[in-house]
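Working notes, beginning with the structure itself.
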Amino acid sequence: MKRRGRVAILQTMRSKISVEENTIIDNLIKNLKLYGFETELISLPFHTHTQRALYNSMLLWKLIDLQESDGTKIDLIISTSFPNFGLEHSNKVCWLLGCSPIMNNVESKKEKIYDEETLRRMRNYGYVALKNCNRVYARTDKICSLVKTQSDIPCVPLYHPPRLEGQYFCDTYDDYILVDICNCIETDVRFIIRATAKFDLHINVKIICEKKHDEIYAAEIQNCGVSDRIFFYADVSDEEILCLYSKAYAVITFEDYNRYPESMLEAFMSQKPVISVGAIEDMPSFFEADYNGFFCERDGEKFVECVNLLFHDKQKCKRMGTEGYQKVKSISWDVVINSLTNLNY
């Protein structure tokens, strides 16, 4: 394959770096190589134990020279987070994979990590760094909104596809609703259990999880009288996941500002409507309430009504699922790579 350019991907190594972020970067590298790009991953630790250590971590990225490596020009830099987007290069783009204190201070105030002066310096660093990017993308609409609010810098949402890209399909609309709790919190699960008691008695709830949860929630399931209608699927294979999505009549998702809408994407790619719980401002742009799904706050009555409504109207499930698919069918790694690597040569 003809060499298309040399790309360096920047990653900030934090003490709590997520498996999800590592997976995204691994997939980014894999797909860049499929397109014929030579790739390098540049990772540096991020120290925050003292103010000086924090500032040194920020400065270190600015001091690195990546115009070339081993005598070969680096054509493109892809930065992914604070503070690695501070690296200076003539052709740098940013794809923000998560929130940081330069965009909002929700985490910092809650955990009391940074004082106001430190936050001011971090935001100024981020503003200058993002200004020097040729293009700025973010993996969710919420992150884009935060960037625009804090800095007035143009930012475009760039969603990556779910893990099983190209394999999702629609089979039937059976009498069960699906929910993936792998990235959910305990209160989400308990919300589902309590609501199930109010669902039509013919509706089953199938729950995808990373480990067996039967014992954790056994008492609540028993108290709610739904032990014959809630089923946990732990450590399922890819084929089983695809099958569960393909036969569900709808999918329940939980959205918040810091959570990627993976399950919603999987539902729409399987042509299933969603019932999404959360705050309306945290919904992704490809979700349209009453068009390809229903939005519910943590209000048991509306949530139960939507679950029952779709159960009794499978044609509506089909219509809404088809509309959802039309919204997300173009989300792919091809689009991600083409957007990030707009090299001018």
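Where a number appears in this text, it was derived from the coordinates with a stated rule and is not lab data. Just so it is clear, the model here is predicted, and its values are computed rather than measured. Neighbour counts are summed over all protein chains in view; Cβ atoms, including those assigned to glycine, are modelled from backbone coordinates with ideal geometry.
For the chain, averaging the sequence separation of C-alpha pairs within contact (under 8 Å, six or more residues apart) and dividing by the residue count gives a relative contact order of 14 percent. Between the beta carbons of Ile216 and Arg298, assuming R0 = 22 Å, the FRET efficiency works out to 0.60 to the nearest 0.05. The average projected area of the chain, computed from the convex hull of its Cα atoms over all directions, is 18.9 nm². The mean sequence distance of close C-alpha pairs (under 8 Å, at least 6 residues apart), as a share of the length of region 6-158, puts its relative contact order at 21 percent.
Between amide H atoms placed 1.01 Å from N, distances below 5 Å from Ile230 occur with Val205, all of them 5 or more places distant or on a separate chain.
Over region 176-328, what is the relative contact order in whole percent, taking alpha-carbon pairs under 8 Å and six or more residues apart?
Details: 250 pairs, mean separation 35.6, N = 153.
Reported relative contact order: 23 percent.
Here region 1-85 has an Rg and Dmax of 14.2, 48 Å, counting Cα atoms alone.
Reported to the nearest whole Å, the Cα centre-to-centre distance from region 181-229 to region 234-278 is 16. Residues considered: Gly36, Gly225, Gly71. Largest GNM mean-square fluctuation over the chain, using C-alpha springs under 10 Å, is found at Gly71. Derived scalar couplings between HN and Hα for region 269-275 equal 5, 9, 6, 10, x, 10, 10 Hz in order, rounded to whole Hz, by the Karplus curve 6.51 cos²θ - 1.76 cosθ + 1.60 (θ = phi - 60°), x for Gly and Pro. Residues Ser237, Ser339, Ser81, ranked from the fewest to the most other C-beta atoms within 10 Å, line up as Ser237, Ser339, Ser81. Axis of helix 314-328 versus longest Cα principal axis of the chain: the two differ by about 0°, to the nearest ten degrees. If you add up the charges near Asn204, with Lys and Arg at +1 and Asp and Glu at -1, over every other residue whose beta carbon is less than 13 angstrom from its beta carbon, what do you get? Overall, the nearby charge balance is -1. Computed over region 285-345, the percent of Cα pairs more than 13 Å apart is 70.
Taking amide H atoms as placed 1.01 Å from N in the peptide plane, the amide H of Ile275 lies under 5 Å from those of Val251, Ile252, Thr253, Phe294, each 5 or more residues away in sequence or on another chain.
The antiparallel fraction among DSSP beta bridges confined to the chain stands at about 5%. Remark: region 176-328 projects, on average over all directions, an area of 8.1 nm² (convex hull of Cα atoms). With 20 Å as the limit, the listed pairs Lys247/Lys318; Lys142/Lys316; Lys302/Lys329; Lys272/Lys329; Lys302/Lys327; Lys148/Lys329 have Lys142/Lys316; Lys302/Lys329; Lys302/Lys327; Lys148/Lys329 beyond it between alpha carbons.
Where both partners of a DSSP beta bridge lie in region 176-328, what percent of those bridges are antiparallel, to the nearest 5?
Values: 0 of 23 bridges.
For region 176-328, the DSSP antiparallel bridge percentage is about 0.
Residues whose amide H comes within less than 5 Å of that of Ile9, counting only those at least five positions distant or on another chain, are Glu40, Leu41, Ile42, Ile78 (H built at 1.01 Å from N in the peptide plane). Rounded to whole Å, the principal axis extents of the Cα atoms in region 6-158 read 44, 32, 29, largest first.
Only Cα pairs within less than 10 Å get springs; with that Gaussian network setup on the chain, which residue of Asn204, Asn134, Asn292 has the largest fluctuation? Per the Cα network of the chain with a 10 Å cutoff, Asn134 tops the list. Compute the longest continuous run of the chain that contains no exposed trypsin sites (Lys or Arg not before Pro); treat a site as exposed when its DSSP state is not H, G, I, E or B and it has at most 16 other Cβ atoms within 10 Å. No qualifying site falls inside 17-111, the longest such stretch. Remark: C-alpha extents of region 272-320 on the principal axes read 29, 24, 12 Å, sorted largest to smallest.
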